[in-house]
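Before we start, here is the structure in question, set down as structure tokens.
Every read-out reported here was derived from the displayed coordinates using simple, explicitly stated rules and does not represent laboratory data. Keep in mind that this is a model prediction, so the values were computed, not measured. Neighbour counts run over all protein chains shown; Cβ positions are idealised from the backbone, glycine included.
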Amino acid sequence: DLAQIGVTGLAVMGRNLARNIARHGYSVAIHNRSFGRTQSLVADHGDEGTFIPSESAADFVASIERPRKIIIMVKAGAATDAVIDELVPLLDQGDILIDAGNAHFPDTIRRENALAAQGIHFVGMGVSGGEEGALNGPSIMPGGAPESYTTLGPILEDISAKVDGVPCATYVGPDGAGHFVKMVHNGIEYADMQLIAEAYDLLRQGLGISAAEIGEIFAQWNNGDLESFLIEITADVLSHIDAETGKAFVDIVLDQAEQKGTGRWTVQNALDLGVPITGIAEATFARALSGSVPQRTAGRVLPANAGEWNVTDRDAFIEDVRQALYASKVVAYSQGFDQIAAASAEHNWNIDRGAMARIWRGGCIIRARFLNRITEAYERDADLPLLLADPYFTQIVGDGVSAWRRIVALAATNGVPTPAFSSSLAYYDGVRAAGLPANLIQAQRDFFGAHTYRRTDKEGTFHTEWSGDRSEIQE
Ligand code: 6PG
């Protein structure tokens with residue numbers, strides 16, 4: 001019998017995805033560059049379902065029913081291209097190749113165009129949820145031609161996470177849309193993590209309490225609006241004790257954050273589109289700062305001239321931090337969804353933002369209770385220009401804004417860096433301001449470069465002869 005679907009690339013993510021598919025009753029052809037991994041998958045998990053192992057790519061392709069559905073789960077970049085190049089000559093018209101890695105979306109657009117010309121469907125598919133998600137139900141963000149989803153969709157919806165019985169998988173949009181949305185998901189993940197880290201730092205410095213005590217606070221927060229995977233694991237991590245030293249585990253971890261690149265791509269793309277995603281950008285730069293060892297070493301001499309912590313009402317302070325965290329988090333999502341809208345317009349992807357929030361409710365790293373609220377906001381208005389301006393979010397952020405201001409002010413006074421809290425508040429004040437000082441910037445640009453300006457009182461484009469008689473001309 002032929003397999004219903006194939007998976008090539010059996011490192012931990014591919015292996016778990018293949019097992020997940022087999023556990024749902026599909027027969028799965030499996031293949032890996034070195035046959036050992038294929039054999040060990042069958043040896044260790046062969047009893048979980050029907051696996052059809054092959055050593056060569058040709059046998060692998062031949063073992064799958066047509067139109068073939070083949071998931072590639074290898075390293076993004078050159079390794080992905082190598083696998084595609086090996087498989088394509090073996091495929092037939094109408095077959096579907098699915099790249100489930102963390103590809104950069106311009107690569108996906110390029111691959112989709114090249115393969116479409118050869119009659120092959122190429123699906124760039126974002127998969128979130130790590131190893132555990134791949135095995136037990138990830139959030140799945142497939143792009144590519146819509147007709148490929150007709151065949152592929154039912155399997156993806158079966159193996160995805162479910163929230164209230166609703167699958168965390170849906171068609172995202174043409175060519176690179178799926179990988180684009182996964183990229184923004186990761187950018188939001190960076191912001192969420194940085195905001196949590198800033199909250200931890202404020203609690204640590206403001207209250208002088210232990211990691212385990214902070215863990216208890218996060219565990220409590222996880223019972224409310226902030227309920228999410230990242231808050232939950234934060235509580236868990238903070239309570240963990242290092243076996244070797246008996247100290248709190250976080251206290252022995254070096255404070256230099258690394259990254260594999262998806263956050264950086266998100267920020268680079270936002271700069272190209274001109275979308276202010278300041279929360280994500282600050283989170284990405286905060287990782288960069290943490291790893292800037294020469295600068296941090298030299299920076300130790302800088303004077304703080306900071307105030308002293310003197311928190312008199314412990315509970316009120318904790319509640320302020322919680323509200324600042326929630327409000328900043330809403331800003332990060334609002335900005336990320338703006339970026340999705342801008343890219344969707346630029347590439348004609350027609351992405352349904354409410355559906356994206358819906359498939360992020362389960363399975364993925366940023367899964368959170370409040371994503372329901374985002375879906376509802378886009379159901380109220382699919383073209384909502386600003387998530388913060390949805391009545392629900394306007395109210396909850398408005399309720400928290402005084403706390404948010406107190407926290408950012410305290411952090412500045414006491415010399416605690418809160419780039420994500422602070423920049424999110426600055427964005428909030430910027431986007432709600434009736435007037436911004438950009439009028440002066442336009443005047444300066446006209447002064448030194450004759451870059452022209454528009455006026456508040458009449459239509460048209462103007463220039464003032466700054467070095468001459470300062471008369472104004474209309475362009
Ligand atoms: C996911 C994660 C996953 C991975 C990140 C980590 O959604 O399952 O986002 O894709 O853990 O790539 O990213 P950094 O190494 O850049 O922190």
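Can you give the three extents of the C-alpha atoms in the chain along their principal axes, from longest to shortest, in whole Å?
80, 68, 47
Suppose we keep just the alpha-carbon trace of segment 2-42; what are its Rg and Dmax in angstrom?
9.2, 26
Can I ask one more? Using helices alone, I'd like the mean residue ellipticity at 222 nm for the chain: each DSSP H run of four-plus residues gives -39500 (n - 2.57), total over residue count, nearest 500. Before the final figure, lay out each step's value.
Numbers: 19 runs with 258 residues, N = 475.
So the helix-based figure for the chain works out to -17500 deg cm²/dmol.
Let me ask something else. With θ set to phi - 60°, apply the Karplus curve 6.51 cos²θ - 1.76 cosθ + 1.60 along segment 22-34 and write out the HN-Hα couplings as whole Hz, x wherever there is a Gly or Pro.
Per-residue couplings from phi come out as 5, 4, 8, x, 8, 7, 10, 6, 10, 7, 8, 3, 9 Hz.
Still on this model: How far apart, in nm, are the 7 Å Cα→Cβ label points at residue 382 and residue 302?
Here the modelled spin labels are 4.8 nm apart.
What are the semi-axes of the equivalent ellipsoid of segment 107-175, taken as the square roots of 5 times the eigenvalues of the Cα gyration tensor, listed largest first and rounded to whole Å? Don't skip to the end; give the middle numbers.
On the way: eigenvalues 116, 32, 15 Å².
The equivalent ellipsoid of segment 107-175 has semi-axes of 24, 13, 9 Å.
Can you tell me, using C-alpha contacts under 8 Å and at least 6 residues apart, the relative contact order of the chain as a whole percent? Present the calculation step by step, with values, prior to reporting the outcome.
Values: 839 pairs, mean separation 57.7, N = 475.
Computed value for the chain: 12 percent relative contact order.
Sticking with this structure for a sec: In degrees from 0 to 90, rounded to the nearest 10, what is the angle of the helix 211-221 Cα long axis to the longest principal axis of the chain?
Once rounded, the angle reads 80 degrees.
Could you please rank 56, 292, placing first whichever residue has the fewest other Cβ atoms within 10 Å of its Cβ?
Values: 56 11, 292 14.
Ordered by Cβ neighbours within 10 Å, fewest first: 56, 292.
While we're on this one: Neighbouring Cβ atoms within 10 Å as the yardstick, rank 249, 448, 218 fewest first. Before the final figure, lay out the partial values.
Numbers: 249 15, 448 8, 218 25.
Going from sparsest to densest Cβ surroundings: 448, 249, 218.
Assign unit charges at the C-beta atoms only (+1 for Lys and Arg, -1 for Asp and Glu), then state the dipole size of segment 409-475 relative to its Cα centre in Debye, rounded to the nearest 20. All intermediate terms of the calculation are to be shown ahead of the outcome.
On the way: 6 positive and 8 negative charges, 56 e Å.
Result for segment 409-475 is approximately 260 debye, rounded to the nearest 20.
Taking only the alpha-carbon atoms of segment 72-129, what semi-axes of the equivalent ellipsoid follow from 5 times the gyration tensor eigenvalues under a square root, in whole Å, largest first?
Value: 18, 12, 11 Å, ordered largest first.
Please work out, to two decimal places, the log10 of the ratio I(q)/I(0) at q = 0.20 Å⁻¹ from a Debye calculation in which every Cα of segment 8-148 carries one identical scatterer.
-1.29
Right, next: Could you work out Rg/(2.2 N^0.38 Å) for segment 202-292, with Rg from alpha carbons only? List each step's numbers first, then the result.
On the way: Rg = 16.1 Å, N = 91, 2.2 N^0.38 = 12.2 Å.
The reported ratio for this selection is 1.32.
Suppose a student asked you for the relative contact order of segment 47-168, using Cα pairs under 8 Å spaced at least 6 residues apart; what percent would you report? Walk me through the numbers on the way to the answer.
On the way: 166 pairs, mean separation 21.8, N = 122.
Value for segment 47-168: 18 percent.
Name the residues whose placed amide hydrogens come within less than 5 Å of the amide hydrogen of residue 6, ignoring near sequence neighbours (fewer than 5 apart) on the same chain.
So residue 6 has HN proximity to 29, 69, 70, 71.
Separate question: Give me the log10 of I(q) over I(0) for segment 259-326 at q = 0.11, 0.12, 0.13, 0.18 Å⁻¹, as the Debye formula computes it from C-alpha points; what are the numbers?
The computed values of log10 I(q)/I(0) come out as -0.50, -0.59, -0.68, -0.95.
While we're looking at this one, here's another question. For segment 61-105, build the convex hull from the C-alpha positions and give me its volume per residue in Å³. Don't skip to the end; give the middle numbers.
Working: hull volume 3.3 nm³, N = 45.
Cα-based convex hull of segment 61-105, divided per residue, equals 73 Å³.
I'd like to compare 168-178, 459-469, 41-51: which one has the highest average count of other Cβ atoms within 10 Å, and what's the full order after that? Present the calculation step by step, with values, prior to reporting the outcome.
Details: 168-178: 26.0, 459-469: 10.7, 41-51: 14.5.
My ranking of the peptides, most packed first, is 168-178, 41-51, 459-469.
Let me ask something additional. Where the convex hull is taken over the Cα atoms of segment 1-77, what is its projected area averaged over directions, in nm²? Spell out each step's value before the answer.
Working: hull surface 19.1 nm².
One quarter of the hull surface, i.e. the mean projection, equals 4.8 nm².
What span do the alpha-carbon atoms of segment 411-469 cover on each of the three principal axes, reported in whole Å from largest to smallest?
On the principal axes, segment 411-469 reaches 50, 24, 14 Å in Cα extent.
Quick one: angle between helix 278-290 and the longest Cα principal axis of the chain, in degrees between 0 and 90, rounded to 10, please.
Here the helix axis deviates by roughly 80 degrees.
Roughly speaking, what is the stretch gain from residue 118 to residue 216, that is 0.36 nm per residue apart minus the C-alpha to C-alpha distance, in nm to one decimal? Provide the component values of the computation, followed by the final result.
Details: separation 98, 0.36 × 98 = 35.28 nm, distance 5.65 nm.
That works out to 29.6 nm of additional length.
Also, quick follow-up: Nearest 20 debye, what's the magnitude of the dipole of the chain about its Cα centre given +1 on Lys and Arg Cβ and -1 on Asp and Glu Cβ?
Details: 38 positive and 61 negative charges, 87 e Å.
Computed about the Cα centre, the dipole is about 420 debye.
Reachable lysines from residue 260, Cα under 24 Å, same-chain residues fewer than 8 places away excluded?
Within the straight-line cut-off, residue 260 pairs with 75, 182, 329.
Where does each of 380-390, 238-248, 339-349 land if you order them by average Cβ count within 10 Å, highest first? Display every interim value, and only then the final one.
Values: 380-390: 15.0, 238-248: 13.3, 339-349: 17.8.
The peptides rank, most packed first, as 339-349, 380-390, 238-248.
Follow-up. Ratio to report: Rg/Rh of segment 162-249, with Cα atoms as the point set and Rh obtained by the Kirkwood method; give two decimals. Don't skip to the answer; put the middle values down first.
Working: Rg = 17.0 Å, Rh = 15.3 Å.
Here Rg/Rh amounts to 1.11.
Hey, another quick one. Helix 105-116 versus the longest principal axis of the chain: what angle, 0 to 90°, nearest 10, using Cα atoms?
Between the helix axis and the principal axis of the chain, the angle is about 40 degrees.
Take the eigenvalues of the Cα gyration tensor for segment 396-436, scale each by 5, and report the square roots as semi-axes in whole Å, largest first.
Values: eigenvalues 71, 31, 13 Å².
Each semi-axis is √(5λ); the values are 19, 12, 8 Å.
Viscosity 1.002 mPa s, temperature 20 °C: what is the translational diffusion coefficient of segment 350-441 from Stokes-Einstein with a Kirkwood Rh over Cα pairs, rounded to a whole number of µm²/s? Show your work: numbers first, answer last.
Values: Rh = 15.4 Å.
D, rounded to a whole number, is 140 µm²/s.
Can you give me the P(r) profile for segment 237-378? Cα pairs, bins 5 angstrom wide beginning at 0, each as a whole percent.
For segment 237-378, the pair-distance distribution reads 2, 7, 10, 13, 17, 17, 14, 9, 6, 3, 1, 0.
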